[in-house]
Amino acid sequence: MKTIIEPFRIKMVESIKMTTAEQREKIIKKAGYNLFMIHAEDIIIDLLTDSGTSAMSDIQWAGMMRGDESYAGARSYEHFYNKVYQLTNFKHIIPTHQGRAAERILFDILAQSGKYIPSNTHFDTTRANIEYNKAEAVDLVIEEGKDPQSLHPFKGNIDLEKLENFFKEKGRENIPVCMLTITNNSGGGQPVSMENIRGAKQVCEKYGIPLFLDACRFAENSYFIKMREQGYENKSCREIAKEIFSYADGCTMSAKKDALVNIGGYLAMNDDELALQCRNVLIVTEGFPTYGGLAGRDLEAIAQGLDEILDEDYLHYRIRTVEYMGERLDKMGAPYLKPPGGHAIYLDAKAFAPHIPVNQFPGQAIAVGLYRAGGIRSCEIGGIMFGKNDPETGAYIPPNLELVRLAFPRRVYTQSHFDYVLEVIEEVYKNRDSLKGFKFTYQAPLLRHFTAQFEVCH
Ligand code: PM9
């Protein structure tokens, strides 16, 4: 088989500033050992996130020049609406400045104290928006989804039995919506099968509870269904995506992922009354319903991005890149969450650095190690992001998984960049015994990982 090449040519470049290990040592210390606090120009390979970091195409940039910036009824809104509608079939499509704005509007209306919102696994912004409104966010992913070594092909699936029991236990009147995150980012970018989405819809329908998708990686999820689920091998990813959306009553979308743009999102649904309420909140907090939190040019870029993301040569290269990283990690023996997901590799921090206790954040130790060794920015998805303290005893409650995510911006890095990343991981893995844990010197009450400050544990 021939090498699967990047299915694009590079028309414009952005320089990468090289740094030395000594320079990086000073930089990371000054940043309080928080990689979010480092200037981007001090990063060699930035794998902090795949969100808003895509390279846009020539056609997207051309579309931006055609943006209609009229306050109301802009042509760009029509274009955007039509593309989203053709894909999702949702009647009401409300543009927002990014995914969490869609979440905030939805949960401002649906989430209150005493309400419960289940999901396979809520992403951190989704959870935060639910908890901010005093409702409870509950994760019901299948057991295999919690085991970093399980090779289940759809580890993002929600446990349908647990979901039904949860509906019975809490009562339909206390569950305003059920969410499904495709792919399951916090669980390792793992896909959800069509069978599971269909099953979730059936359970929701039985109890009269609407099903909403957190759809920001819908195209990657569709590609996995095509590759792994019987009966879908001959369907196009567009057909698969349309079927996925057909089972949902609405979705939140961060267009910064699978719409290949640097900013944008939307909230979509079929319920007229809910849409009316959402639009009223939108007008107060984001903007007029035909632009939401976006410029007309952003709506054009999203419309085009939604077409490009379903190009199967692109999706093949995209998923193969992550798989390639997994194969090379297997060769060096470095532990990661298996099978490789759609947008990222997640190093398994507990297995990578077993000498660091979970309350000293082994994931952070590895993330800092990767920066020191090669200027790579990754993201801890473990105790810092999801750990909690028991409200009564104050005891630390760690999450199931301690991961370090290396998320791959779309169409940005080439194979030699990825080979460099592998070399750096190998170096850190060989020297893993020298990694040290961290403790907080500052933490914010919500989403603490963004602004936390740390010191090294000795
Ligand atoms: N995800 C990510 O890096 C960006 C923010 S956290 C560093 O993975 C899901 C599944 C996401 C997500 C963002 C959002 C929020 C919702 N759901 O960032 O507000 O992965 O556009 O989207 C990030 P926005």
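The values are calculated or read from the model by the stated rules, or taken from the named source; none is laboratory data. Bear in mind the structure is a predicted one, so any value in this text is a computation, not a measurement. When we count neighbours, we look across all protein chains shown, and the Cβ atoms used for this are built from the backbone with ideal geometry, even at glycine.
Some points to look at:
- Residue satisfying all of: in the stretch 82-99; assigned to a strand (DSSP E or B) and more than 9 Å from the ligand (Cβ to nearest atom); farthest from the chain's Cα centre (by Cα) among these: His92
- The set of residues in the stretch 341-356 being surrounded by 15 or more Cβ atoms within 10 Å (Cβ to Cβ) and more than 16 Å from the ligand (Cβ to nearest atom) consists of Asp348, Ala349, Lys350, Ala351, Phe352, Ala353, Ile356.
- Qualifying residue in the stretch 227-248 (condition: within 22 Å of Ala111 (Cβ to Cβ), in contact with a strand residue (DSSP E or B) (Cβ under 9 Å, 6 or more places away or on another chain) and either without any contact (Cβ under 8 Å) to a residue 40 or more places away in the chain or among the polar types (S, T, N, Q) (or both)): no
- Single match in Ile209, Ile197 (criterion: in contact with a helix residue (DSSP H, G or I) (Cβ under 7 Å, 6 or more places away or on another chain), more than 13 Å from the ligand (Cβ to nearest atom), outside any helix (DSSP H, G or I) and closer than 25 Å to Glu173 by Cβ): Ile209
- Scanning the stretch 217-250 for residues that are within 16 Å of the ligand (Cβ to nearest atom), out of contact with any helix residue (DSSP H, G or I) (no Cβ under 6 Å at 6 or more places or on another chain) and not aliphatic (A, V, I, L, M) gives Arg217, Glu220, Asn221, Phe224, Gly250.
- Every residue from the stretch 407-458 that is surrounded by 19 or more Cβ atoms within 10 Å (Cβ to Cβ), part of a helix (DSSP H, G or I) and within 16 Å of the ligand (Cβ to nearest atom): His449
- Among the residues of the stretch 13-41, those identified as assigned to a helix (DSSP H, G or I) and either surrounded by fewer than 15 Cβ atoms within 10 Å (Cβ to Cβ) or within 24 Å of the chain's Cα centre (by Cα) (or both) are Ala21, Glu22, Gln23, Glu25, Lys26, Lys29, Lys30, Leu35, Phe36, Met37, Ala40, Glu41.
- Test for Met253: is it within 16 Å of Glu103 (Cβ to Cβ), within 16 Å of the ligand (Cβ to nearest atom) and touching a residue at least 24 places away in the same chain (Cβ under 8 Å): yes
- Taken together, Gly156, Gly145, Gly188 contain a single residue that is closer than 30 Å to Gly333 by Cα, within 14 Å of the ligand (Cβ to nearest atom) and at pLDDT below 95, which is Gly188.
- Flag if Lys162 is in contact with a Ser or Thr (Cβ under 7 Å, 6 or more places away or on another chain), over 23 Å from Ser51 (Cα atoms) and touching a residue at least 12 places away in the same chain (Cβ under 8 Å): no
- Applying the criterion of being among the acidic types (Asp, Glu), within 25 Å of the chain's Cα centre (by Cα) and part of a helix (DSSP H, G or I) to the residues of the stretch 265-307, the residue that is farthest from the ligand (Cβ to nearest atom) is Asp307.
- For the stretch 32-55, the set of residues classified as within 16 Å of the ligand (Cβ to nearest atom) and of a type outside the set (S, T, N, Q) consists of Leu35, Phe36, Met37, Ile38, Ala40, Ile43, Ile45, Asp46, Leu47, Leu48, Asp50, Gly52, listed by residue number.
- Any hit, the stretch 97-104, residues being under 30 Å from Glu143 (Cβ atoms) and acidic (Asp, Glu): yes
- Hey, Glu78 of a type in the set (D, E, K, R), within 22 Å of Leu310 (Cα to Cα) and assigned to a helix (DSSP H, G or I) or not: yes
- Filter result (surrounded by 24 or more Cβ atoms within 10 Å (Cβ to Cβ) and more than 16 Å from the ligand (Cβ to nearest atom)) within the stretch 384-406: Glu402
- Residue match in the stretch 141-154 (condition: within 16 Å of Ile209 (Cβ to Cβ), among the small types (Gly, Ala, Ser) and part of a loop (DSSP other than H, G, I, E, B)): no
- Residues in the stretch 100-134 that are without any contact (Cβ under 8 Å) to a residue 40 or more places away in the chain, more than 14 Å from the ligand (Cβ to nearest atom) and not charged (D, E, K, R): Gln112, Ser113, Asn133.
- First in the stretch 397-408 and free of Cβ contacts under 8 Å to residues at least 40 places away in the same chain, second anywhere and within 11 Å of the ligand (Cβ to nearest atom), Cβ under 9 Å, 6 or more apart: Pro399/Ser186; Pro399/Ile381; Pro399/Met385
To keep it simple, each residue is scored yes or no on (1) farther than 21 Å from Ser54 by Cα; (2) out of contact with any Lys or Arg (no Cβ under 8 Å at 6 or more places or on another chain); (3) part of a helix (DSSP H, G or I).
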site	(1), (2), (3)
Glu323	no, yes, yes
Asp330	yes, yes, yes
Tyr346	no, no, no
Pro354	yes, yes, no
Val368	yes, yes, yes
Arg372	yes, no, yes
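- Residue check, Phe123 at pLDDT below 95 and aromatic (Phe, Trp, Tyr): yes
- Identity of the residue in the stretch 135-151, without any contact (Cβ under 8 Å) to a residue 24 or more places away in the chain and not acidic (Asp, Glu), that ends up farthest from Ala351 (Cα to Cα): Ala137
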